[in-house]
Amino acid sequence: MSGDETGGPSAEADVKREAIRAGAVLAGIAAVEDIDRFAPPGHRPGDILRGARSVVVTAGGQPTRGSWHPGSARPQASVGYNRSIAGNSAYRVAHYVEDRFGYRAMPCPSGQVAGHYPYASLKLMAEMAGLGTRSMAGGVILNETYGLLYFGAALTTMPLQADGPLATPVCPDQACIRQWEKKGTTPCLEACPTCLSGQLEDGRIGWMEYRQDLCFPRAQTTAMDSFQKLLLAAMAESDEERRKMIVCGSHFTRAVRSLAYSAELSAQCFECLRRCPVGRRRRHELK
Amino acid sequence: MPQPISADLYNRYRDLVLPLTNATQRYEPGMPHRGLTDAEIAAELGVTEAVAREIRCVAELESVDIACYFEADGWKEARFGGAEPGETGG
Ligand code: SF4
Ligand code: SF4
């Protein structure tokens, strides 16, 4: 689908441009067979859209550069991540592929299928679409220009030329390699030793381990899990006054607000990436 | 519609399930890096996929003490400490 006899833009360029028009900052294309090499049965594109052959991955909704300069940690966690932009652009792309090219398409559900498990890994899709590479900071995908990004995806039966994974890893940055050589740590490992551990080898990630279970209360402090746990605590509390303190207290109030309005939901707590040098230039070029 | 499972069933398998999941994620470039799916956990333990899913979902919530949620804001503000983004100090 990449050739175009009329000399017009290729289907791939056309689809990506539509993603950008819909608000994404970047878009890339992954081949389903590349994703299937890593994704387990039940969590593959073809499990979500039968016959899926390509995935158009959209990126956006990242913190503004100013959001990295808050007066305290909480405001960034409240506004740092807009989960609708990448998803909306993927939705638009899915319709566009159907209307313009006549292939089936559907947005990949971005939520969890059950508990903490997603329908499919958007990180893996982004990686296979060449939008960035895994990082020491919990495996989030870092993009050379933007640093941290969030992703949406449109699955389609349309065969598209895939961008494929990047040949050169974005993480670790040169500054992190120097820090590793001097001090045996990196900014992200230093920031969050509870959740993160790992090793650089020859200037590359040797291994990285991420404790998602320990990250959850910090990254999702007032999100769904917090609500469920406080609800259970309140139900188990026999003393009416103490029950009131749980349900009317500030933490439960924020958790309830998270359910009603996502401003209290965060993608992560940002501390592991606050000193990450990837994307630093963009963040510092504004006054 | 998923059925809640019995506390007995949950207690029997809880500690076996979490280490199999994505609760701890390891990444080594070029290596497979993922926890087991509910279907794979079920096969490992000899239970149905639906039972494995229920055990995992409850265990994910139960494994973290509620105190960690209360302490999280304090940790983040302390960690934040006015750091300049992207300045590694390295
Ligand atoms: S998001 Fe927060 S808790 Fe999670 S790994 Fe990063 S610094 Fe640690
Ligand atoms: S600080 Fe950023 S670039 Fe450096 S090792 Fe951590 S995630 Fe990678």
> Do the conditions hold for residue A:246, that is, is it in contact (Cβ under 8 Å) with a residue 12 or more places away in the chain and within 16 Å of ligand 2 (Cβ to nearest atom)?
Replying inline: no
> Residues in region A:28-39: is at least one within 14 Å of chain B (Cβ to nearest Cβ), touching a strand residue (DSSP E or B) at 6+ places or on another chain (Cβ under 9 Å) and of a type in the set (Val, Ile, Thr)?
Replying inline: yes
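The rows are residues; the columns are (1) at pLDDT 95 or above; (2) out of contact with any Pro (no Cβ under 8 Å at 6 or more places or on another chain).
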| residue | (1), (2) |
| --- | --- |
| A:28 | yes, yes |
| A:42 | yes, yes |
| A:51 | yes, yes |
| A:62 | no, yes |
| A:68 | no, no |
| A:76 | no, no |
| A:90 | yes, no |
> For the subset of region A:111-151 comprising residues that are more than 17 Å from residue A:61 (Cα to Cα) and of a type in the set (S, T, N, Q), which member is surrounded by the most Cβ atoms within 10 Å (Cβ to Cβ)?
Replying inline: A:135
> Does any residue of region A:241-264 turn out to be more than 8 Å from chain B (Cβ to nearest Cβ), under 30 Å from residue A:134 (Cα atoms), within 16 Å of ligand 1 (Cβ to nearest atom) and crowded, with 21+ Cβ neighbours inside 10 Å?
Replying inline: yes
> Of (1) of a type outside the set (Asp, Glu); (2) within 15 Å of ligand 1 (Cβ to nearest atom); (3) at the interface with chain B (Cβ under 10 Å from one of its Cβ atoms), residue A:174 satisfies all except one. Which?
Replying inline: (2)
>> I'm trying to understand the selection: among the residues of region A:208-223, which are within 9 Å of ligand 1 (Cβ to nearest atom) and touching a Gly at 6+ places or on another chain (Cβ under 8 Å)?
In response: A:210, A:212, A:215
> Under 6 Å by Cβ, and 6 or more places apart or on different chains, what pairs join a residue from region A:47-58 that is assigned by TED's automatic domain parsing to the domain that holds residue A:96 and within 11 Å of residue A:107 (Cα to Cα) with one that is of a type in the set (Val, Ile, Thr) and assigned to a strand (DSSP E or B)?
Replying inline: A:56/A:29
> Hey, among the residues in region A:95-140 that are more than 12 Å from residue A:151 (Cβ to Cβ) and within 16 Å of ligand 2 (Cβ to nearest atom), which one's modelled with the lowest pLDDT?
Replying inline: A:139
>> Take residue A:200 and tell me if it is assigned by TED's automatic domain parsing to the domain that holds residue A:85, crowded, with 20+ Cβ neighbours inside 10 Å and either more than 16 Å from ligand 1 (Cβ to nearest atom) or closer than 30 Å to residue B:67 by Cα (or both).
In response: no
>> List pairs: first residue in region A:2-18 and at pLDDT below 95, second residue surrounded by 14 or more Cβ atoms within 10 Å (Cβ to Cβ) anywhere in the structure, Cβ distance under 6 angstrom, at least six positions apart or on different chains.
In response: A:2/A:10; A:2/A:12; A:2/A:161; A:4/A:10
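The values are calculated or read from the model by the stated rules, or taken from the named source; none is laboratory data. Since we're looking at a predicted model, the values are computed, not measured. Note that each Cβ is placed from the backbone with ideal geometry, even for glycine, and that neighbours are counted across all protein chains shown.
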